[in-house]
1. Of everything in segment 336-374, what is acidic (Asp, Glu) and closer than 16 Å to PRO326 by Cβ? Give them in sequence order.
2. So GLU113 passes all but one of these: (1) open to solvent by less than 50 Å² (accessible area, probe 1.4 Å); (2) away from ligand 2 (no atom under 16 Å from the Cβ). Which condition number does it fail?
3. Do we have any residue at all in segment 280-299 that's in contact (Cβ under 8 Å) with a residue 40 or more places away in the chain, closer than 17 Å to ALA203 by Cα and more than 22 Å from the chain's Cα centre (by Cα)?
4. I need the full set of residues from segment 352-401 which are among the acidic types (Asp, Glu) and open to solvent by less than 60 Å² (accessible area, probe 1.4 Å), in order please.
5. With a cut-off of at least 3 residues that are surrounded by fewer than 20 Cβ atoms within 10 Å (Cβ to Cβ), name the strands (runs of 3 or more DSSP E) lying wholly within segment 180-271.
6. Just one of the numbered conditions (1) on the phi < 0 side of the Ramachandran plot; (2) open to solvent by less than 60 Å² (accessible area, probe 1.4 Å) is not true of GLY349; which one?
7. VAL95 versus (1) within 16 Å of ligand 1 (Cβ to nearest atom); (2) open to solvent by 20 Å² or more (accessible area, probe 1.4 Å); (3) of a type in the set (Val, Ile, Thr): which is the lone unmet condition?
8. Would you please name the residue that is nearest to ligand 1 (Cβ to nearest atom), looking only at residues in segment 143-172 that are open to solvent by 20 Å² or more (accessible area, probe 1.4 Å), under 21 Å from LEU190 (Cβ atoms) and touching a residue at least 12 places away in the same chain (Cβ under 8 Å)?
Amino acid sequence: MPQAEFNVGVVGHVDHGKTTLTSALTGKWTDTHSEELKRGITIKLGYADVVFKQCTRCGLSSAKERCPKCGAPTQATRKIAFLDAPGHETLMATVIAASSIMDGALFVIAANEKCPQPQTIEHLMILEAAGIKNVVIAQNKVDLVSRQQALEHYGQIREFLKGTPYGDAPIIPTAANSGGNLDALVSALLETIKSVPRAEGKARLLVARSFDVNKPGTPFEKLFGGIVGGSIVSGSFKVGEEVRILPGALRTHKGKEHYQELSTKITGIRVGDESLEEAKPGGLVALATTLDPALTGADSLVGSLLFAAKDEPPAVYSSFSLEITPLSRLLEKFSSSFASNEPLVLGVGTATTIGFVTKQKKKLCELTLKKPVCASKSDVIAVMRRANNRWRLYGTAKLVA
Ligand code: GDP
Ligand code: ZN
């Protein structure tokens with residue numbers, strides 16, 4: 001089973017233990033966020049997958065070769081991928097992008113802080129807006145509190161989830177750094193995250209990463225083509241297939257910037273260390289292409305959409321009208337109208353762009369985009385707005401025209 005069947009987003013407030021939990025569950029360390037934060041660049045998503053196993057005797061789920069409860073051998077059951085989303089408020093756009101390729105979520109809430117914290121609220125709203133159904137809560141860091149405090153905190157989580165689609169979501173106490181109760185968490189995850197109905201139809205991949213794997217100075221004839229990574233949201237792709245990418249690559253012509261559609265061919269499909277002939281919806285895949293690697297380096301294609309060359313291309317917008325609906329639990333008070341030319345950060349699929357409000361009529365807003373995006377009427381677009389020098393999740397929007 002090379003390709004994971006599920007992408008589980010690991011979300012929650014900064015420092016609540018997302019990265020620790022992801023590495024404890026998968027045995028792999030996901031990209032650390034802190035280094036990237038220091039450099040002030042766009043955050044990459046941490047990504048790791050794991051094959052879960054089931055005990056051949058008692059049925060307990062774990063990631064281990066032998067059952068942690070009864071010691072009997074285990075059997076591989078399902079491969080699940082974890083997307084470790086940054087919890088820092090300035091990186092909300094990355095979480096929004098990640099939510100477009102999550103099939104479920106592991107929501108980490110630390111027991112040694114009052115619930116909810118600001119990003120606990122925002123992440124919950126993002127999951128809700130993205131329509132993510134399969135959610136498990138890890139009440140983490142229970143080793144730092146007394147039993148009584150843990151119970152009170154559990155009550156705060158239940159209260160916080162009340163009235164949301166996650167009112168009955170399982171809450172599993174964990175101590176991620178010592179591996180405490182992770183078996184129970186794995187069982188709850190496998191139980192909750194049943195197979196999701198996959199969108200049939202045209203082959204579409206949302207680009208979540210792109211790389212140039214060549215070392216500097218590699219001679220031209222030895223260059224390896226650009227790599228495009230992401231999650232397939234519908235259909236499938238095969239090695240040898242001709243594909244196109246929109247909006248594509250940023251180019252400068254006579255001092256003016258524009259985006260150029262790219263056409264290429266899939267020369268290989270990889271998941272971790274394994275090669276595949278065909279990739280389907282689910283865990284992230286990396287497509288090797290014939291593109292000039294200079295076009296794919298440094299995540300330059302993140303947010304683009306890759307599709308079969310034979311299919312009708314998706315629509316690309318550099319301005320559009322949105323119907324914007326504010327969320328019910330906002331962290332700041334906002335005026336119901338936008339200032340003229342007010343900038344909004346928009347999350348559309350894995351793309352993040354800035355839109356300037358050029359016209360407003362009740363809920364309808366016309367926006368001019370700094371960077372064009374692929375969008376369709378079925379997309380849920382996340383809208384962030386500036387308040388007190390911070391970008392806050394403000395609402396969701398639908399494309400009108
Ligand atoms: P993230 O920002 O949510 O990814 O949080 P990290 O995984 O980076 O964890 C933040 C800090 O909390 C680190 O120093 C971890 O070692 C620590 N930590 C994580 N989980 C636990 C836990 O269950 N118990 C305790 N005592 N510390 C934890
Ligand atoms: Zn067992």
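1. Step one: of segment 336-374, the residues acidic (Asp, Glu) are 342, 366.
Listed by number, the list holds a single entry, GLU342.
2. Exception for GLU113: condition (1).
3. yes
4. Here is the first cut: in segment 352-401, the ones among the acidic types (Asp, Glu) are 366, 379.
Scanning segment 352-401 gives a single hit, ASP379.
5. Numbers: elements: 204-211, 227-234, 242-253, 256-271.
So the answer is 242-253, 256-271.
6. It fails just one condition, (1).
7. (2)
8. ILE172
The values are calculated or read from the model by the stated rules, or taken from the named source; none is laboratory data. All of these numbers come straight from a predicted model, not from anything done at the bench. Note that each Cβ is placed from the backbone with ideal geometry, even for glycine, and that neighbours are counted across all protein chains shown. Ligands, DNA and RNA are excluded from the accessible area calculation, which covers all protein heavy atoms including side chains. Shrake-Rupley method; radii C 1.70, N 1.55, O 1.52, S 1.80 Å.
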